Amino acid sequence: MKEYHTYFFDLDGTITDSSYGITNSVMYALKKFGIEESDRTKLYKFIGPPLTDSFKEYYGFSGEEVRRAVAYYREYYQEKGIFENRVYDGFEEMLQKLKAAGKRLVVATSKPEPYAKKIIEHFGLSQYFDYVAGMELDGGRGTKADVIRYALLACGIEEQSEVLMVGDREHDVIGAKKAGIDCLGVLYGFGSREELEQAGADYIVKTVAEIGSFHRAASI
């Protein structure tokens, strides 16, 4: 098993359980189109992938409808949904272990970067992360691979073999592969083992604590 010096973390479903805020925001946006969704769990598929992809794939929205849906989503999200959110139990302690082991930690998320930074600051996690990378509000860096490549460049990382992406959805795995880095899939978020395996995750763990011990296993 390789040793990794830098860990890239997805945000939604990996660092925080953001299900309530995201699904409330999606419900708010859909209601603007006359669509009522009462089953919150049906909207968990929105957690992780870019919003533009999800509105198009799951509701068949056109380009203009997607643009409006994202705008409606953000109306609710930036006022309320952003903090309808919680850090997973044990996550900060795990970050402390990785930092103590000399690892560099970076956030790489499909969420717009200004929102991601605000969330990390709100929960007092800024001290652990060297950089927070996300999508641009205007849609730039629209895929996970784009975000990862941007994070690699911003952090001056040239040796991709020393970087490990940690995420809960297939988009994290696929994005990591396209950007040339390995991926550790986590099962406590919103993806399944089948999803992560089919996407080609290099490793899969069940709990937050296992991420904290992973660096020791990787050194063996």
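The values are calculated or read from the model by the stated rules, or taken from the named source; none is laboratory data. Just so it is clear, the model here is predicted, and its values are computed rather than measured. Methodologically, a virtual Cβ is constructed for each residue, glycine included, from the backbone with ideal geometry; neighbour enumeration extends over all protein chains shown. Accessible surface is based on the protein model in full, side chains and every heavy atom, while ligands, DNA and RNA are left aside. Shrake-Rupley method; radii C 1.70, N 1.55, O 1.52, S 1.80 Å.
Descriptive notes on the structure:
- Given 31/178; 80/144; 32/206; 42/206; 31/97; 2/42, the pairs whose alpha carbons are separated by over 32 Å: 31/178; 32/206; 31/97; 2/42
- Amide proton proximity set for residue 165, modelled H, under 5 Å, gap of 5+: 8, 182, 183, 184
- Three-way shape call for region 17-64 based on the alpha-carbon gyration tensor, with the a/c threshold at 1.5: oblate
- Between residue 137 and residue 57, the simple spin-label model (points 7 angstrom out along Cα→Cβ) gives 2.6 nm.
- For region 127-185, the residue among 176, 165, 153 whose Cα projects farthest onto the positive side of the dipole built from Cβ charges is 176.
- Mean ellipticity per residue at 222 nm, deg cm²/dmol - from DSSP H runs of n ≥ 4 across the chain, formula -39500 (n - 2.57): -13500 deg cm²/dmol
- For region 77-126, the carbon plus sulfur part of the accessible surface works out to 45%, probe radius 1.4 Å.
- Debye, to nearest 20: dipole size of the chain, +1 on Lys, Arg Cβ, -1 on Asp, Glu Cβ: 200
- The phi-based Karplus calculation (6.51 cos²θ - 1.76 cosθ + 1.60; θ = phi - 60°) puts the 3J(HN,Hα) values of region 162-179 at 9, 10, 10, 8, 10, x, 10, 10, 4, 5, 5, 5, 4, x, 4, 4, 5, 8 Hz, whole numbers, x for Gly and Pro.
- Applying the criteria of a DSSP loop state and at most 13 other Cβ atoms within 10 Å to the trypsin sites (Lys or Arg not before Pro) of region 179-216 yields 206.
- Within region 85-179, none of the chymotrypsin sites (Phe, Trp or Tyr not before Pro) combine a DSSP coil assignment with at most 14 other C-beta atoms in a 10 angstrom radius.
- Computed over the chain with a Gaussian network model linking Cα atoms closer than 10 Å, the most mobile of 156, 142, 189 is 156.
- For the options 130, 17, 172, a Gaussian network treatment of the chain with springs between C-alpha atoms closer than 10 Å singles out 130 as fluctuating the most.
- 5 angstrom amide H check on residue 111, placed H, neighbours 5+ away: 135
- Averaged over its residues, the chain has an accessible area of 45 Å² per residue, based on protein heavy atoms and a 1.4 Å probe.
- Helix 63-77 axis versus longest C-alpha principal axis of the chain: approximately 70°, rounded to the nearest ten.
- Distant-in-sequence amide H partners of residue 204 (H built 1.01 Å from N, under 5 Å): 185
- Most mobile listed residue (132, 163, 66) in the chain, GNM with C-alpha springs under 10 Å: 66
- Alpha-carbon centroids, region 98-160 and region 1-69: separation in whole Å: 18
- Only Lys, Arg (+1) and Asp, Glu (-1) charged, at Cβ; region 45-119 dipole about Cα centre in debye: 340
- Each Lys and Arg Cβ is given +1 and each Asp and Glu Cβ -1; about its Cα centre, region 14-58 then shows a dipole of about 100 debye.
- Cleavage-rule hits (GluC sites (Glu not before Pro)) in region 106-168: DSSP loop, at most 11 neighbouring Cβ within 10 angstrom: 158, 159
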